[in-house]
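Worksheet for the structure shown next.
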Amino acid sequence: MRLAIAEINLQALAHNLAQVRQFAPHSKIMAVLKANAYGHGLVKIAQHLNAADAFAVARIDEALALRAGGLTKPIVLLEGFFHQDDLPILLANNFQTIIHDENQLAALEKAQLDAPINCWLKINTGMHRLGIAATQFEDFYQRLRATKNANNAINLMTHFSCADDVNDIKTAQQISLFDSLVTGKQQAHCLANSAGIIAWPAGHGDWVRPGLMLYGVSPMLNCTGAQHSLKPVMRLTTKVIAIRDVEAGQCVGYGGRWQSSKTTKLAVVAMGYGDGYPRHAKHGTPVVIGNKRYGIAGNVSMDMISVDIGDNSDNIKVGDEVVMWGPELPVEEIAQCATTIPYELLCNITPRVSYEYLE
């Protein structure tokens, strides 16, 4: 029996998708499933997002895995294709591609295809990662319209860099630049990621791209999903495997960096960075045992974590469940304790953890 379990609540997933509809009632939804559906299980999650209008992944192998799993919805490759030889695969599997640079456009123009491909032209409005420059837009747009290898419906998109911060003016500037470029083009527009969906309704457009919020986690700075009426989809749990007595002054864990200030008890729990729990979670990072919070003592090990449970008046015993994050303990809080972001925690769950899908 595996001790570490990631419970995946599929009812919470459906609830969160419905919340996206409430935030952006006039937009179609492209559910983002990259990185194994943010660590939740690519195919299983996709099978329970029937109400989404399309899926989005980063790379072609993720898209092929969805098709192999029986998913038939349109799939958009957010990084596009990487070689001209990929184009027949895109066409055969009804994949849609982003075009974000000259190499991709030239490869598409030169290809010998039996039918056109659905394309999304990505414009760099301030993220400075992928996307053509604003000055290139008209040329790229007209070339895509001219090639027989692209459908005439050229979807237009961009990506926000600072939408998680409502006080940063950059998102408004990005929306304004995008609108100025695409005005008069009768094509579908897609701008908003999860943060854009929640905080920037002016950027909703024809399509929205929810990622993190689908999984019940807030994309906004210093917020939790519950503040947006989202429900955590993942509940990461393990078990207590030992109870130990520690005297005042004794050090615990590698490096002895935590020293007990008093006589206490520690619960050793079967979880560590080998399961994907953040190694840099600080002393005092909370876990939940028996509906009560306790703090981590000492450094996170590969397989185990020590938790200070005081005098054990709560009668914690070997075999008790320990919640590392979930509805009782927001993953956003654990991320702050580990000086990272929830995305990383969810994506870092390792194969050693058993997944249980709750219908």
If we scan region 339-350, do we find a residue that is under 12 Å from LEU236 (Cβ atoms) and surrounded by fewer than 18 Cβ atoms within 10 Å (Cβ to Cβ)? yes
Within region 305-327, residues being more than 29 Å from ALA248 (Cα to Cα) and either loosely packed, with under 15 Cβ neighbours inside 10 Å or of a type in the set (A, V, I, L, M, F, W, C) (or both) number 1
For TYR355, work out the one condition from (1) surrounded by fewer than 20 Cβ atoms within 10 Å (Cβ to Cβ); (2) in a loop (DSSP other than H, G, I, E, B); (3) not polar (S, T, N, Q) it doesn't fulfil. (2)
Quick one: what pairs do we get from region 30-47, first residue within 22 Å of TYR277 (Cα to Cα), second of a type in the set (Phe, Trp, Tyr), C-beta under 7 Å, 6+ apart or different chains? LEU33/PHE55; TYR38/TYR215; TYR38/TYR343; HIS40/TYR215; GLY41/TYR355
In this structure, is LEU212 aliphatic (A, V, I, L, M), out of contact with any Lys or Arg (no Cβ under 8 Å at 6 or more places or on another chain) and either under 30 Å from ASP303 (Cβ atoms) or buried (at least 23 other Cβ atoms within 10 Å of the Cβ) (or both)? yes
In region 60-92, what count of residues is obtained for those that are over 28 Å from THR135 (Cβ atoms), of a type outside the set (Gly, Ala, Ser) and open to solvent by 40 Å² or more (accessible area, probe 1.4 Å)? 10
It is to be established whether one or more residues within region 83-90 are free of Cβ contacts under 8 Å to residues at least 40 places away in the same chain and β-branched (Val, Ile, Thr). yes
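Listed here are the residues, each with its yes/no results for (1) part of a strand (DSSP E or B); (2) open to solvent by 20 Å² or more (accessible area, probe 1.4 Å).
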{"residue": "LYS185", "(1), (2)": "no, yes"}
{"residue": "GLY205", "(1), (2)": "no, yes"}
{"residue": "PRO219", "(1), (2)": "no, no"}
{"residue": "ASN222", "(1), (2)": "no, yes"}
{"residue": "LYS231", "(1), (2)": "no, yes"}
{"residue": "ARG235", "(1), (2)": "yes, yes"}
{"residue": "ALA242", "(1), (2)": "yes, yes"}
{"residue": "GLY249", "(1), (2)": "no, yes"}
Test: ALA46 is at pLDDT 95 or above, surrounded by fewer than 18 Cβ atoms within 10 Å (Cβ to Cβ) and within 24 Å of ARG352 (Cα to Cα): no
Working carefully through the options GLY295, GLY276, GLY319, GLY272, find the one that is farther than 28 Å from ALA37 by Cβ and either acidic (Asp, Glu) or not in a strand (DSSP E or B) (or both). GLY319
All conditions in (1) under 17 Å from the mean Cα position of the chain (by Cα); (2) in a strand (DSSP E or B) are true of GLN96 except (1)
Of the residues in region 8-34, those that are closer than 15 Å to VAL217 by Cα and either of a type in the set (Asp, Glu) or in a strand (DSSP E or B) (or both) come to ILE8, ASN9, ALA31, VAL32
Do you know which residues across region 110-129 are surrounded by 15 or more Cβ atoms within 10 Å (Cβ to Cβ) and not in a strand (DSSP E or B)? ALA111, LEU113, PRO116, ASN118, ASN124, THR125, GLY126, MET127
Pairs, please: C-beta under 8 Å, at least 6 apart or cross-chain, first residue more than 25 Å from ILE89 (Cα to Cα) and among the small types (Gly, Ala, Ser) and in region 116-131, second open to solvent by 30 Å² or more (accessible area, probe 1.4 Å) and at pLDDT 95 or above? GLY126/SER161; GLY126/LYS170; GLY126/GLN173; GLY126/LEU177
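The values are calculated or read from the model by the stated rules, or taken from the named source; none is laboratory data. None of the values given here were measured: they were computed from a predicted structure. Counting neighbours? That spans all protein chains shown, and the Cβs are built from the backbone with ideal geometry, glycine included. SASA here: full protein model, heavy atoms, side chains in, ligands and nucleic acids out. Shrake-Rupley method; radii C 1.70, N 1.55, O 1.52, S 1.80 Å.
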